[in-house]
Amino acid sequence: MESRVPVQVGEQTGPRLQAAEVEWLAATAQRIRSSVSRVIIGKDNLIELVLVAVFSEGHILFEDVPGIGKTTLAKALARSFDSSFGRIQFTPDLIPSDVTGISFYNQRSGDFELRQGPIIAQVVLADEINRATPRTQSALLEAMEERQVTIEGTTIPLPRPFLVLATQNPIELEGTFPLPEAQLDRFLLRLRVGYPSEEDEDAMLVRFETENPLDGLEPVVDSTDLVRAIEMTARIHVEPVVRRYLVQIVRATRAHAGLELGASPRASLALLRSARALAAIRGRAYVEPDDVKLVTPQVLPHRLILASQTRLRGRDAEGIIAEILEQTPVPVEI
């Protein structure tokens, strides 16, 4: 059973969000949520987690079986923004320059010119990312981490916001290349869509009976407002005791006997950003311990490496994270 440790809440420091700013953040999140919900039925919790990544300017890896709605969800999210969009269909014969772009000689002008690849966009859909070779997958690393692309010595900064929405099928192994740990670590969240309930699946059939609602989706937030929301989210207050609670969770992964490698400091930062974003879209100017608990199962498991004996016993990273959350005392106000 989890325990909650009473703590005295101290004075807040740093720039605080005003009530009107918090309301604007929540309203912006609601507009995006309503837009995506026109296409994706019965997945309110999933859409909320997607919004966590959006307000954190973090990348998402959608991992689930085919036909579950991964690509549709990514498209619905992209169409809800008034921003540039790039799609990359990953295949084994894709090469890095197909992603980043090339420098070519223009015979008419007599000079070299840059032809930008699909990665140079604000929202990028990387479909079936694990079908590309590791060499091509690595072309995304610089873009995802540093928000820039280098093409034959020329560095091009990427526009803001910059979001990579990647999909992969974890079941089919033939013709796929597992994402290396360095690549996985660049994704803020790993999300699974899951099958719909009986009622939701029936409602989906009715909604898609005559037309695809994705075709009529219009942008509800422009790029300027989205960048503003991301910057405001970074100002969500985190009490020292909540921050230490977050650190204790991350450090517990490094000491767990079932893990060969625990979460990195980058994971700590990702967890903090995600908790702030969840508080923002729920209309709060501060992070609660429960915000940290809710996003941890999506932020940490894909960053962990299981010990060989753990895999042999049939345990997974999600189960270990659940165990750590259960054992880490939760701070409560007094």
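The values are calculated or read from the model by the stated rules, or taken from the named source; none is laboratory data. Since this is a predicted model, take the numbers as computed values, not measurements. Here Cβ is always computed from backbone atoms with ideal geometry, including for glycine, and neighbour counts include all displayed protein chains.
Just need a number here: residues in the range 124-168 that are among the small types (Gly, Ala, Ser) and in contact with a strand residue (DSSP E or B) (Cβ under 8 Å, 6 or more places away or on another chain).
Matching residues across the range 124-168 total 3.
If I filter the range 61-76 down to residues being crowded, with 23+ Cβ neighbours inside 10 Å, of a type outside the set (Gly, Ala, Ser) and at pLDDT below 90, which single residue comes out as nearest to Asp215 (Cα to Cα)?
Leu73
Got at least one residue in the range 215-238 being under 16 Å from Gly67 (Cα atoms), over 22 Å from the mean Cα position of the chain (by Cα) and not assigned by TED's automatic domain parsing to the domain that holds Glu288?
So far as the range 215-238 goes, no, none of its residues is under 16 Å from Gly67 (Cα atoms), over 22 Å from the mean Cα position of the chain (by Cα) and not assigned by TED's automatic domain parsing to the domain that holds Glu288.
Give all pairs with beta carbons closer than 6 Å in which a residue from the range 217-241 that is surrounded by 15 or more Cβ atoms within 10 Å (Cβ to Cβ) and at pLDDT 90 or above meets a residue that is outside any loop (DSSP other than H, G, I, E, B) and among the small types (Gly, Ala, Ser); count only pairs at least 6 apart in sequence or on separate chains.
Partner pairs satisfying both residue conditions: Val220/Ser35; Thr233/Ala277; Thr233/Ala280; Ile236/Ala279; Ile236/Ala280.
Which one of these is at pLDDT below 85, touching a strand residue (DSSP E or B) at 6+ places or on another chain (Cβ under 9 Å), more than 18 Å from Gln168 (Cβ to Cβ) and among the aromatic types (Phe, Trp, Tyr): Phe112, Phe85?
Selected residue: Phe112, the only one of Phe112, Phe85 that is at pLDDT below 85, touching a strand residue (DSSP E or B) at 6+ places or on another chain (Cβ under 9 Å), more than 18 Å from Gln168 (Cβ to Cβ) and among the aromatic types (Phe, Trp, Tyr).
Which pairs do you get when a residue that is of a type in the set (Lys, Arg), found in the range 29-57, comes within reach of a residue that is assigned to a helix (DSSP H, G or I), reach meaning Cβ atoms under 6 angstrom, with the pair 6+ apart or on two chains?
Arg33/Ile47; Arg38/Pro213
Just to check your reading of the model, which residue among Gly258, Gly314 is in contact with a Ser or Thr (Cβ under 7 Å, 6 or more places away or on another chain), of a type in the set (Gly, Ala, Ser) and over 17 Å from Ala53 (Cβ atoms)?
Answer to the check: Gly258.
Please pick out the residue among Leu217, Leu184 that is within 20 Å of Lys75 (Cα to Cα) and aliphatic (A, V, I, L, M).
Answer to the check: Leu217.
Just for helices (runs of 4 or more DSSP H) wholly inside the range 286-334: which have at least 2 residues that are crowded, with 19+ Cβ neighbours inside 10 Å and small (Gly, Ala, Ser)?
Of the helices (runs of 4 or more DSSP H) lying wholly inside the range 286-334, none has at least 2 residues that are crowded, with 19+ Cβ neighbours inside 10 Å and small (Gly, Ala, Ser).
For the range 244-259, which positions are within 30 Å of Glu21 (Cβ to Cβ) and either at pLDDT below 95 or aromatic (Phe, Trp, Tyr) (or both)?
Selection gives Tyr245 alone.
Residues that are in contact with an Asp or Glu (Cβ under 9 Å, 6 or more places away or on another chain) and hydroxyl-bearing (Ser, Thr, Tyr), at least 3 per element: which helices (runs of 4 or more DSSP H) completely within the range 18-126 meet that?
The qualifying helices (runs of 4 or more DSSP H) are 19-37.
Could you check how many residues of the range 120-143 are touching a residue at least 24 places away in the same chain (Cβ under 8 Å) and either more than 17 Å from the chain's Cα centre (by Cα) or more than 22 Å from Leu77 (Cα to Cα) (or both)?
Summing the residues that are touching a residue at least 24 places away in the same chain (Cβ under 8 Å) and either more than 17 Å from the chain's Cα centre (by Cα) or more than 22 Å from Leu77 (Cα to Cα) (or both) in the range 120-143 gives 11.
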